[in-house]
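I have placed the structure first, in the form of structure tokens, so that the comments after it can refer back to it.
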Amino acid sequence: MKRVLLLAVLMLLSGHQRLAAQWNLARLEPGDGTWQVSTALDPAIITSIGYRQMRTVFGAPTQFGVEAGVVAGDADLSDYRARVDAGVQVFRRGTFRTVASAAFLTRGTSNTVFRGTNFGADIGLVAGMYRPRWFVAAETGYDKPIVTHLTHTSAYRSQYYADAQDGWYIDTGGTRRLGVVTGTSLRGVELMLRAGVARTRGGEALVAPGYATLGMGFRF
């Protein structure tokens, strides 16, 4: 049973934070909105779409966003990721900016062993050089699954473990990340690339030790 639970956690984590991409604050004004599409290797290929809007909160530029994605080719939408988030500029000196972010996430997966649904949170910090036409920054963050629900399939019960327990599991670990993000823009279109490494809370490698995201944003 422990092996099944570990598999469930790893599968739910293997795409945890990459849907949220850090976009260029320097090219946006309060009230501006952007639509974004992205494709991530995470470790499967995940395609997502999102919307963000720039606001000013207590004098600080802040992006609010929603985003959702599914594994490419998964027509039944059984493997999905969705989130709502906010990123606020906490420091600026010249072109150097630091942005802190927080998000609430839900994700699901389904396979021959179990169906799983997870709710969690993600916190992050990005710091780097931001100019209207381009930016480059380093990022770090931590993804924390808060509660996970597992329902084991009848095939698993009949072939492997008849007494497998369905239900809610709390504190199923966490994932740390460290990487870089960069982007360039031309008029209303922005291209973004981010990549890095991810590890579990205990320092173990995931199914795919690295992540990469390519995205495009459209301002209006």
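Quick one: among Val126, Val113, Val88, which has the greatest mean-square fluctuation in a GNM of the chain with alpha-carbon springs under 10 angstrom? Evaluated over the chain, the most mobile residue of the options is Val113. Give me the number: length gained by fully extending Arg187 to Ala155, i.e. 0.36 nm times residue separation minus the C-alpha to C-alpha distance, one decimal in nm. Full extension of this stretch gives 6.1 nm more.
As a test of reading the structure, rank Leu193, Leu25, Leu214 by solvent-accessible area (1.4 Å probe, protein chains only), most first. Provide the component values of the computation, followed by the final result.
Values: Leu193 90, Leu25 5, Leu214 110 Å².
My answer, sorted largest first, is Leu214, Leu193, Leu25.
Strictly greater than 21 Å: what percent of every Cα pair in the stretch 96-182 meets that?
Values: 1875 of 3741 pairs.
The share of Cα pairs beyond 21 Å in the stretch 96-182 comes to 50 percent.
For the chain, the longest principal axis of the alpha carbon atoms and the long axis of helix 2-13 meet at an angle near 20°.
Normalised by the number of residues in the chain, the average gap of Cα pairs under 8 Å and 6 or more apart makes the relative contact order 19 percent. Ligands, DNA and RNA aside, Met129 has an accessible area near 70 Å² when probed at 1.4 Å. In this view, the solvent-accessible surface of Arg55, computed with a 1.4 Å probe and all protein chains in place, comes to about 110 Å². The convex hull around the C-alpha trace of the stretch 138-179, projected and averaged over every direction, spans 4.0 square nanometres. Computed log10 I(q)/I(0) for the stretch 50-151 at 0.23 Å⁻¹: -1.22, from the Debye equation with unit scatterers placed on every C-alpha and solvent omitted.
Can you give the Rg to Rh ratio of the chain, both from alpha-carbon atoms, with Rh computed by the Kirkwood formula?
1.02
Sorting the segments 201-213, 58-70 by their mean number of nearby beta carbons within 10 angstrom, highest to lowest, gives 58-70, 201-213. Each of Leu28, Leu41 has its accessible area taken with a 1.4 Å probe; listed largest first, they run Leu41, Leu28.
With the full set of protein chains in place, find how many percent of the accessible area of the stretch 128-180 is carbon and sulfur; take the probe as 1.4 Å. It is 60 percent, rounded to a whole number.
The values are calculated or read from the model by the stated rules, or taken from the named source; none is laboratory data. None of these values were measured; they are calculated from a predicted model. Reconstructed Cβ throughout: ideal geometry from the backbone, glycine too, with neighbour counts over all protein chains shown. Accessible surface is based on the protein model in full, side chains and every heavy atom, while ligands, DNA and RNA are left aside. Shrake-Rupley method; radii C 1.70, N 1.55, O 1.52, S 1.80 Å.
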